[in-house]
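Before any comments, here is the structure.
Every read-out reported here was derived from the displayed coordinates using simple, explicitly stated rules and does not represent laboratory data. Here the structure is a predicted model, which is why all the values come from computation and not from measurement. In this analysis, Cβ positions are derived from the backbone assuming ideal geometry, glycine residues included, and neighbour counts consider all displayed protein chains.
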Amino acid sequence: MQTLTFIAGLLLTTAVYGQQLMFRGLTVDTIFINGSSGYYHFDDKGTTTGRTDTYIIAFNKTVNNYVVSDYKTVSIKGTYNPDTSKQTVKHLTKDKGKIISNTTIDGLLTAFSSKYVKPTFENIGFDKKDFLSLTDEKHIRKVAKQYKQDWHFKMYYTTKEENRILFDGCQNIDTFNLFVSSKFDTTGFVMVTDVWDVIYVYIKTTDKEFGFEGKYPNVFKQPWYDHSDTSKLMPGSIVNLNINRFLVSILPEKFNRRNTIELQSLADNYIKWYLQRRDIIFSYD
């Protein structure tokens, strides 16, 4: 009985406590995740407003695990005429001290280590039920309405049978795979002025900090840009949709720009692409 108790205690200890993980051969101390967005107003004062949420996960030697050490949101507002700047910082304590499992952290680190994982339905994290739910008639109509093209589905312009064929066609997995196989361009680096919508991930190790960036207007924030090698003029590119899956599992629901890396965002972009192919939405809409 004592032997069984000892083994059970050992298994429980192994499950609860972890150890520091490695990234590119170095020990990971801290992971910083920033979700930032804002825009320039084009008004007489030259106003810029924005918000940045920061989620910090650090290895805590006392509990021998990675825990949330800070979660804060910073709102900014500035003008050029006159030159003003205001910043409001709010620390959110709900998640402080929360343990993030080594399995999840290791999954994120592994995803950032793989430069290209072919995007397919099977390796994105979708299951069939989720996919059908996020691409159903209700969601198709909602996306079409955003572009003021939902009139196409009214009986004056179509039939129930034509609508049924169109709605069912969007739920074809082969069509979805065609979308994801052609959507993530790694040949360049997008530059956007006057607006920003970006998620940064910084992995701090004992000797080096590795920086990654997922940004608008790239669909699903893919590819991620690897800024770790500062000797290169342009960052490297990573296409691995598992990065998004692990980040979503880590970040709080209301974390700024988290919605842009959720499966709903990918599904909405897929629906838009599908409706463009069906000449219901046009590229300039």
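Legend: helices of the chain (whole DSSP H runs) are marked when their alpha-carbon atoms reach 27 angstrom or more along the helix axis and their mean Kyte-Doolittle hydropathy is at least 0.5; nothing is marked.
Please grab the % of Cα pairs in the chain that end up more than 27 Å from each other. Taking all Cα-Cα pairs of the chain, the fraction more than 27 Å apart is 52 percent.
Under the simplified labelling scheme, the THR47-VAL195 pair shows an inter-label distance of 1.7 nm, with each label point 7 Å from Cα along Cα→Cβ.
Computed from the C-beta positions of GLN276 and LYS115, the FRET efficiency with R₀ = 35 Å rounds to 0.75. Loop-located chymotrypsin sites (Phe, Trp or Tyr not before Pro) in region 199-285 (DSSP state not H, G, I, E or B) with no more than 11 neighbouring Cβ atoms inside 10 Å: PHE282, TYR284. Counting only lysines at least 8 places from LYS145 when in the same chain, those with an alpha carbon closer than 20 Å to its own are LYS154, LYS160, LYS272.
Between LYS154 and MET22, the distance separating the two model label sites (each 7 Å from Cα on the Cα→Cβ line) works out to 6.4 nm.
Over all directions, how big on average is the projection of the convex hull of the alpha-carbon atoms in region 83-226, in square nanometres?
On the way: hull surface 59.5 nm².
The number I arrive at for region 83-226 is 14.9 nm².
Residues considered: SER237, SER36, SER85. Largest GNM mean-square fluctuation over the chain, using C-alpha springs under 10 Å, is found at SER85. With a threshold of 29 Å on the Cα-Cα distance, the over-threshold entries among LYS86/LYS215; LYS129/LYS204; LYS61/LYS129 are LYS129/LYS204; LYS61/LYS129.
Taking only Cα atoms of region 80-139, what ratio of Rg to Rh do you get with Rh as the Kirkwood inverse-distance radius? Reported Rg/Rh, Kirkwood definition of Rh: 1.21.
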